[in-house]
Amino acid sequence: MSMLAPFNTLVTSLAYFHDAFVLVPSLASTFSSGILTVFNLTSVIFTVLATVRGSRKKSNPIRRMIRSLYLSIAAFALFTVSVYLRGTDPLSTTYPYYLFLLGMSVILAIAQAFMQSAAMVICTQLSIDGTLMGYLQMGQALQGVFGSVVNLISTALAASIDGRHPGPSKMRARENANAATVVFLITILLQIATRVCLARVSYVPSVEAHIRKWDANMREGDADVPEPGAWERISRVQAKIWPWVTSIFTIFLVTLGVYPSLTAQVRAVDPKPGSLGENSSVFVALHIVAMNVGDLIGRRLPALSSYLLIRQGWVAVIATTSRFLFIPLFFACNIVKENGSKQTWTLPDPAFFALVLLLGITTGSNATSVFLSGPKSVDESASHEPAATEEPADDVEYDRLLDEADPPQNREASIASMILAFWLVLGLTAGSCFSFAVLAMA
């Protein structure tokens, strides 16, 4: 289950939301940027809160993750109900619905902030070598691919209906509504499955020992009472990982700066009748699949070969900042603006899809390298074996995954993971804002 499911689901459901605003062209062309900006701004604020709370000793990430799951499930259930309440006709009064979408974005952003932060802590503390973090990255990518494929199938079916019934078609709106409903319901099922998996994994000996430790810390005092030096601890850890912080921020600044706001305006150069590029909606949906497939490939690359895993912070900074070259390259594609104007010379369609695929690959591979190498760079010399003079606490047999013999370094690695998650969200927010400037330059 992806910890970024709320964000990915909002992106893959934009076609359904767009149907509500077709009578107001100005809102129809900007509502997606508005929703994603509010979502990401809220995520930034609450990720800060989640990071501060998660850095305390008196914190139980399992409990925080479960509560976040319940909040997210309730939000998507409300989204599902709203599909049937709204119907498929364009809204004559659009702003109440727009405010509803903004409000739901805030709720989902809060759930994602605490869920992502808790997941980072759990993965880092249970597997300091990054194995579980790699699975988390894979889950995010798989959810994105699945949602984009569902979106493509729905869009292709709607285009087929429009081809048989030219002109305005309620059937297309119905297909978009059905696709959104399917995505919402599947997201709910995946989150329920995540809750079941959390219940099952809690019986694994090393995980159970961690949960006992977290519960014991919670019983020591009020978890809401700030621990002294919390901000100093966070600042100290961030100073150690600043290259990785810069990298994760830059990755999503560039990615969200061009995708999907700019890339969704690219059209087929010379579409042939019956081809996928003939229908603009199918063309856009196809490029979303290409992006998510590239992201999935990219997240697997560091795991397939150690040579593809970035271990040095300065290398990560160079690799991520060089991705700004994607902006002029996408400017050279066949961008068709809302007023119908387009460029006289453009790159061919295969080049556009190759760029989208490469954008996804570099996003996935660089982000995975950051989350695997960043936390370990906090203390490269830290040994996670019990010292000769140390005895395992509470008569619990030492477990390498538990890292009880080296709690300071383990806690700092967890804090580093949460800090990176915060800068990821900040990069998403900055990227969604940056997209307005990129669109203005196109």
Q: With r as the distance between the Cβ atoms of Y70 and A437 and R0 = 56 Å, compute the FRET efficiency 1/(1 + (r/R0)^6) and round to 0.05.
A: 0.90
Q) Do any chymotrypsin sites (Phe, Trp or Tyr not before Pro) in segment 298-378 lie in a DSSP loop with no more than 11 other beta carbon atoms within 10 Å, and if so, which? A) W345
Q: Using a cut-off of 12 Å between beta-carbons, work out the net charge of the residues near G144 (Lys and Arg +1, Asp and Glu -1, G144 not included).
A: 0
Q: Describe numerically, in nm with one decimal, the distance between label points set 7 Å from Cα along Cα→Cβ at Q312 and at R63.
A: 4.5
**Q.** Distance histogram for segment 21-104 (every C-alpha pair counted, 10 angstrom bins, percent rounded to whole numbers)
**A.** 14, 36, 29, 16, 6, 0
Q: Kindly report, to the nearest 10 Å², the accessible surface of D89 as traced by a 1.4 Å probe over protein heavy atoms only.
A: 80
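The values are calculated or read from the model by the stated rules, or taken from the named source; none is laboratory data. On a predicted model such as this, the values are computed, not experimentally measured, just so you know. Heads up, the Cβs are rebuilt from the backbone with ideal geometry, glycines too, and the neighbour counts pull from every protein chain shown. When the accessible area is computed, the model is the full protein with side chains, heavy atoms only, and any ligands, DNA or RNA have been set aside. Shrake-Rupley method; radii C 1.70, N 1.55, O 1.52, S 1.80 Å.
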